[in-house]
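The values are calculated or read from the model by the stated rules, or taken from the named source; none is laboratory data. All values derive from a computational prediction rather than experimental measurement. With ideal geometry, Cβ positions are generated from the backbone for all residues, glycine too; neighbour counts draw on all protein chains shown. The accessibility values were calculated without ligands, DNA or RNA, using every heavy atom of the protein model including side chains. Shrake-Rupley method; radii C 1.70, N 1.55, O 1.52, S 1.80 Å.
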Amino acid sequence: MENMIQYIIIAIILVIISLVVLKLNKRNFNVEANKLITFLGGKDNIVNAECNMSRFKVILKDVSLADKDAIQKLGAKGIVEIDNQLKIIFGKNAKQLKKYIEDLL
């Protein structure tokens with residue numbers, strides 16, 4: 001009986017730890033989208049945003065206002081600059097980020 005109570009307590013603790021880890025790992029896309037807009041030079045600098053699979057493509061008025069290092073720290077796996085646009089590889093989260101950014105613009 002004592003062993004059974006110990007197992008139940010251990011199971012409860014493991015469930016609580018798992019829930020805390022999941023909560024900490026859950027991305028807040030609204031906050032990330034706000035940061036991304038800031039790192040792209042602000043709302044007024046963004047002309048258009050598109051998403052293609054894992055890539056997030058954004059056309060900017062002035063690419064020099066974009067902080068590529070900060071975008072990379074936000075989770076971008078790569079950034080390609082072509083003329084006035086940035087193609088940012090965000091992986092599976094690109095579509096969700098685009099949706100939030102469209103809502104904010």
Residue hits (segment 45-59; over 18 Å from the mean Cα position of the chain (by Cα) and part of a strand (DSSP E or B)) are VAL47, ASN48, ILE59
Name, by its number, the condition in (1) farther than 17 Å from ASN30 by Cα; (2) touching a helix residue (DSSP H, G or I) at 6+ places or on another chain (Cβ under 6 Å) that does not hold for ILE89.
(2)
Residues of segment 71-82 being in contact with a Leu (Cβ under 8 Å, 6 or more places away or on another chain) and closer than 17 Å to GLN96 by Cα, in sequence order, are ILE71, LEU74
How about segment 85-105: which of its residues are in contact (Cβ under 8 Å) with a residue 40 or more places away in the chain and aliphatic (A, V, I, L, M)?
LEU86, ALA94, LEU97, ILE101, LEU104, LEU105
Matching option when the condition is open to solvent by 30 Å² or more (accessible area, probe 1.4 Å), touching a strand residue (DSSP E or B) at 6+ places or on another chain (Cβ under 6 Å) and at pLDDT 90 or above, among LYS95, LYS87, LYS57:
LYS87
Considering residues that are touching a Leu at 6+ places or on another chain (Cβ under 7 Å) and within 18 Å of LYS99 (Cβ to Cβ), the number found within segment 48-70 is 2
Within segment 1-17, is even one residue at pLDDT 85 or above and open to solvent by less than 70 Å² (accessible area, probe 1.4 Å)?
yes
Mind checking which residues of segment 35-51 are without any contact (Cβ under 8 Å) to a residue 40 or more places away in the chain, on the phi < 0 side of the Ramachandran plot and not aliphatic (A, V, I, L, M)?
LYS35, THR38, PHE39, ASP44, ASN45, ASN48
Taking segment 60-84 as the region of interest, how many residues are surrounded by 14 or more Cβ atoms within 10 Å (Cβ to Cβ), without any contact (Cβ under 8 Å) to a residue 12 or more places away in the chain and not in a helix (DSSP H, G or I)?
1
